[in-house]
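Asks: Before we start, here is the structure in question, set down as structure tokens.
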Amino acid sequence: MRILWNELKKILTWKMMFLLVLVNSVVFFLRIEFYIEYFPNGSGIYSYDIGVEMIDKYGTQMDDEEFLDFKEVYDLQVKEADQYLQPLKGFVDAGIDSYEKFNTYDWGSSSEEVYQLRNNVYHEDKVDTFWELQERERLIEFYEMKEVLPGFDNAKQEKRYKELIAAEKYGVYPSVAIENFREFITNVAIAILFSVVLVISPMILRDRSRQLLALQYTSKKGRNLYKTKILAGLVATFIVITSLLTVYFSIYSLNKTSMYFDIGMNTFIGNESWYDPTFYQYIWLTVAAIYVVGFVFGLLAMSFSSIVPNTMALIGIQIPFIIGMLIFGMRPLIKYFILIWNPQWLAPTAYNTMVVVSVLFINYLWKREKKRDIVS
Amino acid sequence: MDIRIVWHECKKALLSPILVGLLLLFTAFNIFLIVNNSYFKDELKVANRLVENYGREITDLSLNQFEKDLQVDLVKLEKIIGQELSSVHEFLDGLNYEDHELYSESDWQFIEQLRLKEMYLGMANEIDGKYTRIDLKKVAEETITQTKVSGNAAKTLRNEYEEFSKRFEEMKQNEEHKEWFFAGNAYFMHKFLFKTVFLHIIIEALMLIILSTVLITNYEFENRTHLVTYGTPRGRRLMKDKLGASVLTAALLTTFILVITLSIYFTVFDYTNLWGSSISSAFNWEYNFPHVAWWDLSIGFFLAGVVVIVYITMLLFSGLTFALTTLVKNSYVTSILMAIFFVLALLIPGFMPTSSNLLFITGYNLSILVMNIPASFMGSSGLFMFKNFEWMTAVCWTIITIVLCVFSLKWFNKMDIH
């Protein structure tokens, strides 16, 4: 236990903590800050507000009766828009005295003046009603199209989609919150991937290049120390992932998306999934996924650390794995990992393979370490 | 410096299997990237043929000739399909999916060529109208509101745009924009070469250079042979050889990646007749604003300039890494710090107050210089459109790097080696 503690202290040094903070600040300002500071972004605010209103009124699912109520609210707002338009001379002159006419007006061939007036409505006056109406129209359209099948890549997707329709799990709630979370968590995963590799990589190589092994392996503890080092590495990985997730999720709480937490994944627009967790459960799923990725890359870092001759090789050999994960792995394994547009088997298989390979690799290295000639 | 020792130092990096492996992997990836995006390469030949037939410059005379030739082709097409046409577009628009089988493969090829030619002709006819509509004052104000710049910084930007509008007029006078090139908004070749391909080259070269420099500089300390090496007659002067070797290795690595990647690129995509075309060509217009260079640069010269920028940045990064390694002495920490330094330099202008000129001054750094390559030497590149941006950055950072290297060498001479 004491040795484990000391090994842990060798990994989590002050210097390393400083680098960790530096790397995370860079990734934060480069990739994460945007999704916190600019949420909801632009006209997404209306989508967000209407979503919250829907949850307040209708709960986590909207049935036909509730949809009628939704349309009623829409009609009321249309009247509001009519009242806004009627006293505006420019619009009335162009024959636009109601929202309906405003909406169906041929803006492509309108005169410069009227077009300018329309711009004023949306951008200068910031008439919320008009923006909200647009969003409500979009939602109404989605509700009315809820049973229309999109194109599919394969029969399994189609089957799942039909299953969802049969279960009346329609994608009709605004998806700003979940889209935002998805971007956020993917970038957090990137930050954590970098952090774990950064902290874990040098640990085993360091002792070796300082030629400490001759001392360590002839002590009473002997070569079993290698196992303790691996254990210390795993504990350090856990500490790094957990503390970073805590920090990032406390930052995420600024986005105020908790009202959406009880909604099922499939009830958000365009989020048809193989499973049906609520938003809250989905967050925990991604957290689990991040832990798996973190531990796999931590184990790989330890393995590479045990075989490479020098620091240059230590970093060099991990570059293809990390970049490969970023380019090919992040989307199917973190960002969209339960959506039906990815094959259902893909994420579980990939995670299982990654875990098995990294465990077998480190196991092989331990066997090797037991017999290795440490003098040469 | 002893050239023999420098070479031996270089070999430490160049013979390292990991580094060589990475180099080959990266180059293979670049080749994959280029070949994977080359499905439209045959269409690009049209631009080459236009230069061949009508000359590089678009004049009223040559455009007339082009139009006449197109009419002749159109008549041929009318014979094939047996109906009167005003344009190929009209024909293609009115086409049903089933009609496809009515015409033979060679007919389709002819129609396709004709469609492309018509597109180029249409674009050429639009040039004057589109360029007279550009109001640089408006562009300046738009840039200022978009980037939320104010105060002194806005003043600086307005002044520079005034300067640029003179150049813009001059360019229109010279008719630099009236030269054939690949249709920008159809193929985005400028973006593909100078953004996608060069971005890969730069990041890859940078990683290799940081690693190789750290390896060479710290080799003895990592392998515990420093007590022997620095105790020889050559002693600490070896550091100078190491600096030379680092920079030489950086040059070799950059050359390898550049030569292989670019030669594949230019074999796949045919630029034969277009080297002389101006980079400010109206055909090179990809997004809201055309590319307009501060000087009359041809594609060939622009490419050469960009390659020079890449070399300078890479060599300077090697020097900076050398200085940091000598001071920090920990290879791992140095590599990470250099990577952080590269990204941080990109972010720094964003942390500056938007009303002060610090915003621009901090932007004169190597990371922005090298990441801004698609818009190098151009006035049409947003915040860092300054005429002196490229050479000022290069000169300033060369001085900084030299000072840091000299300082670190001096420091190393007195350092405790144990």
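Asks: Scan segment B:339-351 and tell me whether some residue there is in a loop (DSSP other than H, G, I, E, B) and surrounded by fewer than 19 Cβ atoms within 10 Å (Cβ to Cβ).
Replies: no
Asks: Taking segment A:1-50 as the search range and keeping residues that are of a type in the set (Val, Ile, Thr), more than 14 Å from chain B (Cβ to nearest Cβ) and within 19 Å of A:TYR252 (Cα to Cα), which one is least open to solvent (accessible area, probe 1.4 Å)?
Replies: A:ILE36
Asks: Quick test for you: out of B:LEU114, B:LEU22, B:LEU63, B:LEU74, pick the one residue that is assigned to a helix (DSSP H, G or I), within 14 Å of chain A (Cβ to nearest Cβ) and not β-branched (Val, Ile, Thr).
Replies: Among B:LEU114, B:LEU22, B:LEU63, B:LEU74, only B:LEU22 is assigned to a helix (DSSP H, G or I), within 14 Å of chain A (Cβ to nearest Cβ) and not β-branched (Val, Ile, Thr).
Matching residues to (1) open to solvent by less than 10 Å² (accessible area, probe 1.4 Å); (2) farther than 28 Å from A:ILE317 by Cβ:
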| residue | (1), (2) |
| --- | --- |
| B:PHE188 | no, yes |
| B:PHE198 | yes, no |
| B:ALA205 | yes, no |
| B:LEU227 | no, yes |
| B:ALA250 | yes, no |
| B:PHE266 | no, yes |
| B:SER277 | yes, yes |
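Asks: For segment B:384-402, what are the residues that are open to solvent by 40 Å² or more (accessible area, probe 1.4 Å), closer than 27 Å to B:GLY350 by Cβ and part of a helix (DSSP H, G or I)?
Replies: Matches in segment B:384-402: B:TRP391, B:MET392, B:VAL395, B:CYS396, B:TRP397, B:THR398, B:ILE399, B:ILE400.
Asks: Can you confirm whether segment B:257-273 contains a residue that is in contact with an Asp or Glu (Cβ under 8 Å, 6 or more places away or on another chain) and among the small types (Gly, Ala, Ser)?
Replies: Scanning segment B:257-273, I find no residue that is in contact with an Asp or Glu (Cβ under 8 Å, 6 or more places away or on another chain) and among the small types (Gly, Ala, Ser), so the answer is no.
Asks: Yes or no: B:THR362 touching a residue at least 12 places away in the same chain (Cβ under 8 Å) and either buried (at least 18 other Cβ atoms within 10 Å of the Cβ) or in contact with a Leu (Cβ under 9 Å, 6 or more places away or on another chain) (or both)?
Replies: No, not satisfied.
Asks: Also, quick follow-up: Across segment A:187-211, which residue is farthest from the other protein chains (Cβ to nearest Cβ) among those that are of a type outside the set (A, V, I, L, M) and open to solvent by 10 Å² or more (accessible area, probe 1.4 Å)?
Replies: Filtering segment A:187-211 for residues that are of a type outside the set (A, V, I, L, M) and open to solvent by 10 Å² or more (accessible area, probe 1.4 Å), the one farthest from the other protein chains (Cβ to nearest Cβ) comes out as A:ARG208.
Asks: Let me ask something else about it. Just a yes or no: is a residue in segment A:64-82 away from chain B (no Cβ under 14 Å), in contact (Cβ under 8 Å) with a residue 40 or more places away in the chain, assigned to a helix (DSSP H, G or I) and in contact with a strand residue (DSSP E or B) (Cβ under 9 Å, 6 or more places away or on another chain)?
Replies: no
Asks: Can you tell me which residue is most open to solvent (accessible area, probe 1.4 Å) among those in segment B:119-151 that are touching a Ser or Thr at 6+ places or on another chain (Cβ under 6 Å) and touching a residue at least 40 places away in the same chain (Cβ under 8 Å)?
Replies: Per the criteria, the residue is B:LYS148.
Asks: B:HIS177 fails exactly one of the following numbered conditions: (1) more than 14 Å from every other protein chain (Cβ to nearest Cβ); (2) modelled with pLDDT of 90 or more. What is the number of that condition?
Replies: Just one mismatch for B:HIS177, condition (2).
Asks: Also, I was wondering about something else. Within segment A:332-352, is even one residue of a type in the set (S, T, N, Q), in contact (Cβ under 8 Å) with a residue 40 or more places away in the chain and buried (at least 18 other Cβ atoms within 10 Å of the Cβ)?
Replies: No, because not a single residue in segment A:332-352 is of a type in the set (S, T, N, Q), in contact (Cβ under 8 Å) with a residue 40 or more places away in the chain and buried (at least 18 other Cβ atoms within 10 Å of the Cβ).
Asks: May I ask you to verify whether A:VAL355 is more than 14 Å from chain B (Cβ to nearest Cβ), surrounded by 14 or more Cβ atoms within 10 Å (Cβ to Cβ) and out of contact with any Leu (no Cβ under 7 Å at 6 or more places or on another chain)?
Replies: Yes.
Asks: In segment B:203-227, which residues are part of a loop (DSSP other than H, G, I, E, B) and at the interface with chain A (Cβ under 9 Å from one of its Cβ atoms)?
Replies: Matches in segment B:203-227: B:ASN223, B:ARG224.
Per-residue answers, yes or no, for (1) in a helix (DSSP H, G or I); (2) among the basic types (Lys, Arg); (3) surrounded by 15 or more Cβ atoms within 10 Å (Cβ to Cβ); (4) without any contact (Cβ under 8 Å) to a residue 12 or more places away in the chain:
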residue	(1), (2), (3), (4)
A:LEU234	yes, no, yes, no
A:ILE239	yes, no, no, no
A:ASN266	yes, no, yes, no
A:ASN271	no, no, yes, no
A:TYR275	no, no, no, no
A:TYR280	yes, no, no, no
A:THR286	yes, no, yes, no
A:ALA289	yes, no, yes, no
A:LEU299	yes, no, yes, no
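Asks: Which numbered condition in (1) outside any loop (DSSP other than H, G, I, E, B); (2) open to solvent by less than 40 Å² (accessible area, probe 1.4 Å); (3) more than 14 Å from every other protein chain (Cβ to nearest Cβ) is the only one that B:PHE40 fails?
Replies: (1)
The values are calculated or read from the model by the stated rules, or taken from the named source; none is laboratory data. Nothing here was measured: the structure is a model prediction, and the numbers come from that model. Heads up, the Cβs are rebuilt from the backbone with ideal geometry, glycines too, and the neighbour counts pull from every protein chain shown. Ligands, DNA and RNA are excluded from the accessible area calculation, which covers all protein heavy atoms including side chains. Shrake-Rupley method; radii C 1.70, N 1.55, O 1.52, S 1.80 Å.
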